Every structure is written in C-alpha cells, then in structure tokens.
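This report refers to the structure that appears directly beneath it.
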C-alpha cells in the first residue's frame, strides 16, 4: 500500500510541476473547439479519480472470487497513441479555471483518495475482488488494478498537458 501511495504522490508532483506558473489564459487555452484546455484535463483527472473511489468500496464488498487478468497497465494506460473518449459524466465542464481553484480541486480529491486507500485494512482482497462495473477500456479489473489505474490515468493526461503546452508554444511562435 505504501508503494501505491508513493506512486500517487510522485505522479501528482509531476502534474503540479507541469501546471505551475501557468497563467489563467494558458490554463484555459484550447487548441481548437474540439480540444480540452489544460484546466479541463486537470478537471477530468479529478472527476475520474473521484468516480473510482466508490468502485473501490463496492469491490471490497464483493466475494473474493475474482480471477485477475495479467494486463500491462503500466504500459497501456499512459500510452497516448490510442485515443479514448471520456465516458459520459467524466468530461470536463466548459468553464474558466484559475490556478488556485485547480490546486484546491486537486488537493480535495487527493485527500479523499488517500483517506479511502489508507482505510483498506485487508490488502489480500485487492487481487481477488472486483467492482460490479467493468473498466470502460479494459473490462473487468481487480480492485488493485483499479487502484493502479488512478495514477496511471493521471500520467496519461500529464502527457496530454505536455502536448498542449507544446502546441501552445507553437501557436505563440
């Protein structure tokens, strides 16, 4: 569990470094009408993290009979060569964000997540339980795999933020 929390923290620090020092205009800049802004990407990260927490509780309440599949989530989730449409309800709103409001949102969501994770007392259930809902891309995952997916999803979107910053720089140049 400590390794999981350490991964969550190191990836969050990377995200914070990516958005640090960006102006409100840069945070809310969109390459085109169909693209998300950096702020919207951060909002989406928070929505996904928040949506997974109830699944973890549901998972641990299931019978410990789940057969975990061997999936290379560490490679699959951060890979941006395959585009994925955000599930309904997990898309960001069309609103303007300030840096401080994004930081507040990130901190609030992460506090909830750490509270849930540190409340898991029987880690032996993580590989043999699964929520009654499949992952939208990978299908049925174990509770532990769902937990692993949160920081990997964030890493995927850090790559997206890096791409957006590059496009923003090209647009200004």
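Distance between the 7 Å Cα→Cβ label points at residue 84 and residue 127: 2.3 nm. Binning the alpha carbon pair distances of segment 2-172 at 10 angstrom intervals from zero yields the distribution 9, 38, 34, 15, 4, 0, expressed in whole percent. Compute the helix-to-body angle for 143-172: its Cα long axis versus the longest principal axis of the chain, expressed 0 to 90° and rounded to tens. The answer is roughly 10 degrees.
What does the extension gain come out to for residue 51 and residue 13, with contour length at 0.36 nm per residue minus their alpha carbon separation? Kindly include the intermediate steps, with their values, before the conclusion.
Numbers: separation 38, 0.36 × 38 = 13.68 nm, distance 2.12 nm.
So the extension gain works out to 11.6 nm.
When each of 120, 45, 103 is scored by the number of other beta-carbon atoms lying within 10 Å, the sequence from fewest to most is 103, 120, 45.
Among 167, 109, a tally of other beta-carbon atoms within 10 Å of each Cβ gives an order, fewest to most, of 167, 109.
The angle separating the long axis of helix 99-118 from the principal Cα axis of greatest extent in the chain is about 10 degrees. In percent, rounded to a whole number, the relative contact order of segment 2-172 is 39, using alpha-carbon pairs under 8 Å and six or more apart.
Among 156-166, 70-80, what's the highest-first ranking by average C-beta atoms within 10 angstrom per residue? Walk me through the intermediate numbers first.
Details: 156-166: 17.3, 70-80: 13.3.
My ranking of the peptides, most packed first, is 156-166, 70-80.
Residue ranges 146-152, 63-69 sort as 146-152, 63-69 when ordered by packing (mean number of other C-beta atoms within 10 Å per residue, highest first).
Compared with the dominant Cα axis of the chain, that is its longest principal axis, helix 38-60 is turned about 10°.
Laboratory data are not the source of any read-out in this text; all were calculated from the coordinates shown. Fair warning: this is a prediction, and the values are worked out from it, not measured in the lab. Glycine also receives a Cβ, built like all others from the backbone with ideal geometry; neighbour counts cover every protein chain displayed.
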